[in-house]
1. Just give me the residues in region A:253-272 being facing chain B (nearest Cβ under 8 Å), among the polar types (S, T, N, Q) and either out of contact with any Gly (no Cβ under 6 Å at 6 or more places or on another chain) or farther than 20 Å from B:GLY252 by Cα (or both), in sequence order.
2. Of these, A:ASP355, A:ASP347, A:ASP368, which one is in contact (Cβ under 8 Å) with a residue 12 or more places away in the chain, surrounded by fewer than 22 Cβ atoms within 10 Å (Cβ to Cβ) and closer than 30 Å to B:PRO300 by Cβ?
3. On the given criteria, is B:PRO169 over 16 Å from the mean Cα position of the chain (by Cα), of a type outside the set (Gly, Ala, Ser), modelled with pLDDT of 95 or more and not in a helix (DSSP H, G or I)?
4. From the residues in region B:238-291 that are free of Cβ contacts under 8 Å to residues at least 24 places away in the same chain and buried (at least 24 other Cβ atoms within 10 Å of the Cβ), which one is nearest to B:ASN198 (Cα to Cα)?
5. For region B:68-105, which residues satisfy the criterion of being loosely packed, with under 14 Cβ neighbours inside 10 Å and closer than 13 Å to B:VAL154 by Cα?
6. So, of the residues in region B:299-330 that are without any contact (Cβ under 8 Å) to a residue 40 or more places away in the chain and within 7 Å of chain A (Cβ to nearest Cβ), which turns out to be nearest to B:GLY252 (Cα to Cα)?
7. Where residues in region B:273-298 are part of a loop (DSSP other than H, G, I, E, B) and under 21 Å from the mean Cα position of the chain (by Cα), which of them is nearest to the other protein chains (Cβ to nearest Cβ)?
8. Suppose the filter is closer than 23 Å to A:ASN332 by Cα, within 14 Å of chain B (Cβ to nearest Cβ) and in contact with a strand residue (DSSP E or B) (Cβ under 9 Å, 6 or more places away or on another chain); does A:PRO199 pass it?
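The values are calculated or read from the model by the stated rules, or taken from the named source; none is laboratory data. Note that the coordinates shown come from a computational prediction; the quantities given were computed from them, not determined experimentally. Cβ placement follows ideal geometry from the backbone for every residue including glycine, while neighbour counts extend to all protein chains displayed.
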Protein chains: 2
Amino acid sequence: MMIADSDPNPPNTCTCCLPRRGFLRGLAGGGVAALAAQSASAQAQPVAERASYTGLVIDCHGHYTTEPPTMLTWRKRQIDAINDPAQSPAPSSLTVSDDEVRASVADRQVKLQTARGISLALFSPRAGGMGHHIGNARTSRDWSIVSNDMIHRVATLMPRNFVGVCQLPQSPGVSPKNCTAELERCVRELGFVGCNVNPDPSGGYWTDPPLSDRFWYPLWEKMVELDVPGMVHVSASANPNFHATGAHYMNGDTTAFMQFVTSDLFKDFPTLRLIIPHGGGAVPYHWGRYRGLAQDLKRPPISELMRNVFFDTCVYHQPGIDLLLKVVPTDNVLFASEMVGAVNGIDPETGYAFDDTKRYVEAAAIPDADRAKIFARNALRIYPRLAGRLTAAGVMP
Amino acid sequence: MMIADSDPNPPNTCTCCLPRRGFLRGLAGGGVAALAAQSASAQAQPVAERASYTGLVIDCHGHYTTEPPTMLTWRKRQIDAINDPAQSPAPSSLTVSDDEVRASVADRQVKLQTARGISLALFSPRAGGMGHHIGNARTSRDWSIVSNDMIHRVATLMPRNFVGVCQLPQSPGVSPKNCTAELERCVRELGFVGCNVNPDPSGGYWTDPPLSDRFWYPLWEKMVELDVPGMVHVSASANPNFHATGAHYMNGDTTAFMQFVTSDLFKDFPTLRLIIPHGGGAVPYHWGRYRGLAQDLKRPPISELMRNVFFDTCVYHQPGIDLLLKVVPTDNVLFASEMVGAVNGIDPETGYAFDDTKRYVEAAAIPDADRAKIFARNALRIYPRLAGRLTAAGVMP
């Protein structure tokens, strides 16, 4: 059992990964109110004059960072009971009304989607809240059920705005085989279209094997069977060296890519699809290094990885998006904003929200046909279960 | 004591970080021969037609990756004796002739410097060879003395081509105070102008405190007193999750920068100067994220860090260098190639060596005055002891 007793990072207003101290502080509700106030100016900016593409815009990376307070209370009770499992609350004990669920996203995610012209989000539990390093396998199982059920509530009540992506009940040192039942439940029973896979359940100590190790194969097998992709996304950092959204996230992304470069994972799973978020960490910026390392190491060229590996557009400035779109093939880039997430403020250099990534993609010097792929077509291809959900919701014919 | 018994990474021809298995294999000399053959085509490419800047070109990031075999034999003997310290060789027991020292760099670093138009390199021991996670404080002390003395030999025999930068005798869990004597010896007695600081002496498990912790203050105090900068550079990875040059290096860079964003380190040490290598890891690509995080966290804007933090140009493709030079102030970029280092091959897309970073800087759309800063002026400012060395060597008036 690994629990960070103190917040390893300085004061952090991030609501995506919310370190433990902030996480508990967030129960008081103050953080949510402050963010709501901050968002007012973000959404006030018009975007219409820049938009040329008017089709579907799928944000493949949204987290439920505005959970109802009762959900966070449930988690606090669970963590408090870690040394006394008999006191642990049952997943079924959480009760949240439909109105509370609607209200939890109405003023933030839905409002920002409307303001920015985003059709919908592939929506998963707060990444930093997964906290796989806390407690044991049962802790993670119960918390995953609670978290995924809440995502299902959101997606069921607002099927035009949200489609579910699940958290997995990972736990350090425990075989990912224990995740397959919850993944199957989420996909077959709740209609989810993908999952998040934490490459470091230890929360910054990297004590489990690389993603290419056979340790992970039962999970890959189930994902292939269900034909759902995974986003490789770490959770909170319990290591004081790593700020969550400023270091641990980027490191997780970079590390995973190099594990793919140096392994035969996709030879064993030719149809497995993994999305590396946050624009791929350091990878596109160092595209030449990775091409060169693959060559030096006598590995296949990294272009071969592009059958299985994809990057999102969570890069919060124009030069970064321009670089991403210059070096990574268009078919491998998925629009995403990580909204409401890692960075919440307005960029004083542009007057727009840092995480309004749609603006950067719109301003990029690429053909409109590429923009259509990035905004929607790639997501529909990589998440094959998505089209059915959108048709059922009346979003697509 | 932590020793990797097996190579955590797949076959790796990198000579900068040389994992342990390769490190020992390198003793046979085969790797050096293969690299020499590979370099022949790299240096055959003319650069003259692109060069407009004709002044001094200082490569601030070169490693001694072509050590004489007897030096590697010494290290092997030391590692073999870790459990029997009485058998550990004394640093003074290593004997290498001047001719061997000259020959060790003549066919690689010196030849490539000449071919590419690089005047000289700030030269430090092989980064991956520092191996701070191996053995204990005494192991690191003896190995640092041997390594730094060899750098001194190179710099003394070829003072127009090489200026010394030292390795520090770090060891996991041991106060960096134990590094100050070796740093002082290298700077005051051997004429070195800087040092490499490993932010993770554990080799990929990140068990020591962040660089902003008071744990590190005795080292910062000595660096300030001596007025030498440090390059924040990890060593080999003993963690199978992290490929050294493809993940651990990038992660170390990204992690260190975020430690600076979230701390008051430079308030306490306003004249301390730290260089983040490999183009700053993921940082320039995510410049918007870091500006936004600093703002959300109520930290000073990252522009304030630019008094103390610098980035090198070890980014191995044109779009990466273009992005670096677009977002990072020119005064904060130092030319470097990491040659002979992380990537050794020829880029099939350009026909030139991946690590011929001078070509990218020459092709970048920046004023020549900026190029002069990047190639030489910034290094002379940030390494104040450098000018004296170059004047003594007849490189500068």
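1. If the condition is that a residue be facing chain B (nearest Cβ under 8 Å), among the polar types (S, T, N, Q) and either out of contact with any Gly (no Cβ under 6 Å at 6 or more places or on another chain) or farther than 20 Å from B:GLY252 by Cα (or both), then A:THR255, A:GLN259, A:THR262, A:SER263 are the ones that fit.
2. None of the others qualify; the one that does is A:ASP347.
3. In short, no.
4. Restricting to residues being free of Cβ contacts under 8 Å to residues at least 24 places away in the same chain and buried (at least 24 other Cβ atoms within 10 Å of the Cβ), the top hit is B:ALA247.
5. B:SER97, B:ASP98, B:ASP99, B:ALA103 - these are the residues of region B:68-105 that are loosely packed, with under 14 Cβ neighbours inside 10 Å and closer than 13 Å to B:VAL154 by Cα.
6. Filtering region B:299-330 for residues without any contact (Cβ under 8 Å) to a residue 40 or more places away in the chain gives B:299-301, B:303-304, B:306, B:311, B:319, B:323, B:326, B:329.
From what is left, the residues that are within 7 Å of chain A (Cβ to nearest Cβ) are B:319, B:323, B:326.
Numbers: B:PRO319: 22, B:LEU323: 20, B:LYS326: 23 Å.
If we take residues in region B:299-330 being without any contact (Cβ under 8 Å) to a residue 40 or more places away in the chain and within 7 Å of chain A (Cβ to nearest Cβ), then B:LEU323 is nearest to B:GLY252 (Cα to Cα).
7. If we take residues in region B:273-298 being part of a loop (DSSP other than H, G, I, E, B) and under 21 Å from the mean Cα position of the chain (by Cα), then B:ALA282 is nearest to the other protein chains (Cβ to nearest Cβ).
8. yes
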